[in-house]
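Notes follow the structure.
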Amino acid sequence: MKVLVVNCGSSSVKYSLFDMQTEAKIAWGIVECIGLEESFYKRQTITVPQVKSACKVANHFEAIQMIITDLLDSKTGSIKDIKDIAVVGHRVVHGGYKFSKPVLVSEQVKKDLKECYSIAPLHTPHHYAGIEAIEKMLPGIPSVLVFDTAFHQTMPDYAYRYAIPSEYYGQDHVRKYGMHGTSHKYVAQIAAKMLNKDKNEVNLVTCHLGNGSSVTAIKNGKVIDTSMGFTPLAGLVMGTRCGDIDPAVIVHILSKYPKMTSDELNNLLNKQSGVAAVSGIKGGDMREVEDAMLKGDKKAELAFNMLCYSAKKFLCAYYGILNGVDGIVFTAGIGENSPLTREKVCEGLDNLGIKIDKSLNEPRSSKERFISTDDSKVKVMVIPTNEELMITKESIDVLNEKK
Ligand code: AMP
């Protein structure tokens, strides 16, 4: 059985084809710069190394057409017939107020998704275009939508409501939704296995630290709070996002620069802030920030400290509301690859029973592993995330439920 995972961004389409017998990714690639003068198609398979070619791709439909044609290629393709694909799993960033779990695509589901456009206008229309393109290219093959927000839907109301007049919740659906849910869910399940606990009995704080970062509190396998909010702008200091700031700062900026548009303000907070703004390093790439810090760059050091401090604050708050945890998980680009960040986030928490073993923390590895000392009450783990594999599993589950 093969599962195709599709991730439509604003100007790109990423895909991965999984063989579910082995859970192996057998073909994957990306079409980038969709709608620009020159687009690019990078693809590879388990047997053919990466090929990159320039092309002209006007929209998401053309991108998906190119991908499917390529997957069916008689010489280099990975499938012989579209019927080899059991299901297509679509990554959807925001399920809004309509979706609390993965769903099989139907006309009603598409209508509901359209109603959520205003909550994630930069993402949802592109997901929609991808869903329609797949329907045309793969007639009769079921599609499942897997939402980044779904895993967080178990939060209690006192965690997800904002203390603003209730019409903004009732009419405008303004509340905390949380993001990176597929990643938090995946690592939580792996952590439960590593701790020999039932996935519905494990208590964890999961730290997804990447370009975008979020920390989640998990009680008995279910989310009870998470650091991102209505959008992915909230919570930790991130690569180019400011994370939590006093909302009055925004009011102040708008009154001081009345010509600033909402798009410009959005851009300022999402793309020109965070580690990038504090360190002066473009994109806030953590590798460059760490290199600069180790060479004595004070701005880079401040940015690093701010990111780690914000992660530590959420970690400790969630440890508190959970009344202690079985484990702490680090995942995503920074969480998986930066021993310095993990060490700094966990520094000085021995009174909470959190102790990192340097000799386990420092070596690089792409495998899941423990990095805490033997006598650490709380186990600290590094678990490489695999959102695509989680999407394939969730898609198959939805398909099986419908049978
Ligand atoms: P992601 O969004 O999960 O792809 O993570 C991207 C972030 O991970 C970027 O800030 C990268 O600089 C960071 N990253 C990747 N590898 C390393 C590394 N070896 N050390 C520190 N940061 C890293």
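Pick out which of 359, 78, 310 has the largest mean-square fluctuation in a Gaussian network model of the chain, springs linking Cα atoms closer than 10 Å.
Taking springs between Cα atoms under 10 Å, the residue moving most is 359.
Just to confirm the filter: which trypsin sites (Lys or Arg not before Pro) across the range 171-251 are DSSP coil and have at most 14 other Cβ within 10 angstrom of their Cβ?
Listed in order of number, the matching sites amount to none.
Hey, in the GNM for the chain with a 10 angstrom Cα cutoff, which one of 260, 194, 286 fluctuates hardest?
Comparing 260, 194, 286 in the GNM, the peak value goes to 260.
Enter the Cα centre distance for the pair the range 68-104 and the range 1-19, rounded to the nearest angstrom.
Comparing the Cα centres of the range 68-104 and the range 1-19, I get a distance of 6 Å.
Tell me, how many Å apart are the Cα centres for the range 361-393 and for the range 277-313?
23
Checking the a/c ratio against 1.5 first, then a/b against b/c, what shape does the Cα gyration tensor give for the chain?
Taking the square roots of the gyration eigenvalues as a ≥ b ≥ c, the chain is rounded.
Express in nm, to one decimal, how much length is gained between residue 357 and residue 38 on full extension, taking 0.36 nm for each residue of separation and deducting their alpha carbon distance.
110.0 nm
When a footprinting reagent is the concern and you count Cβ atoms within 10 Å, what order do 98, 56 take, fewest first?
56, 98
Modelling each spin label as a point 7 Å along the Cα-to-Cβ direction, I'd like the residue 10/residue 58 distance in nm, to one decimal.
2.2
Figure the gain on full extension for residue 200 and residue 80 (residue separation times 0.36 nm, minus the Cα-Cα span) and round it to one decimal in nm.
Net length gain for the segment: 39.2 nm.
Counting other Cβ atoms within 10 Å of each Cβ, which GluC sites (Glu not before Pro) in the range 135-227 have at most 13 and sit in a DSSP loop?
Here the sparse-neighbourhood loop sites are 201.
Net charge near residue 384, counting Lys/Arg +1 and Asp/Glu -1 over other residues with Cβ under 10 Å of its Cβ?
Taking every other residue near residue 384 into account, the sum is 0.
Let me spell out the model: positive unit charges on the Cβ of Lys and Arg, negative unit charges on the Cβ of Asp and Glu, origin at the Cα centre of the chain. What dipole size does that give, in debye rounded to 20?
160
For the range 187-291, with only Lys/Arg (+1) and Asp/Glu (-1) charged at the beta-carbon, what is the dipole magnitude about the Cα centre, in debye rounded to 20?
I would put it at about 240 debye.
About the Cα centre, and with charges only on the beta carbon of Lys, Arg (+1) and Asp, Glu (-1), how big is the dipole of the range 1-128? Nearest 20 debye, please.
With only Lys, Arg, Asp and Glu charged at Cβ, the dipole is about 180 debye.
Counting Lys and Arg as +1 and Asp and Glu as -1, what is the net charge of the other residues whose Cβ lies under 12 Å from the Cβ of residue 211?
Net of charged neighbours comes to +2.
Quote to one decimal, in nm, the extra length available between residue 22 and residue 255 on full extension: 0.36 nm per residue of separation minus the C-alpha distance between them.
78.1 nm
Which GluC sites (Glu not before Pro) does the range 1-98 hold that lie in a coil by DSSP with at most 14 other beta carbons within 10 Å?
Hits after loop and neighbour filter: 23, 37, 38.
Rounded if a/c is under 1.5, else prolate if a/b beats b/c, else oblate: with a ≥ b ≥ c from the C-alpha gyration tensor eigenvalues square-rooted, which is the range 106-152?
Taking the square roots of the gyration eigenvalues as a ≥ b ≥ c, the range 106-152 is prolate.
With r as the distance between the Cβ atoms of residue 118 and residue 401 and R0 = 25 Å, compute the FRET efficiency 1/(1 + (r/R0)^6) and round to 0.05.
The calculated FRET efficiency here is 0.25.
Determine the shape class of the range 1-71: with a ≥ b ≥ c the square roots of the Cα gyration tensor eigenvalues, call it rounded for a/c under 1.5, and otherwise prolate if a/b is greater than b/c, oblate otherwise.
Taking the square roots of the gyration eigenvalues as a ≥ b ≥ c, the range 1-71 is prolate.
Coordinate-derived values only; no laboratory data. Note that this is a predicted model, so its numbers are computed, not measured. Glycine also receives a Cβ, built like all others from the backbone with ideal geometry; neighbour counts cover every protein chain displayed.
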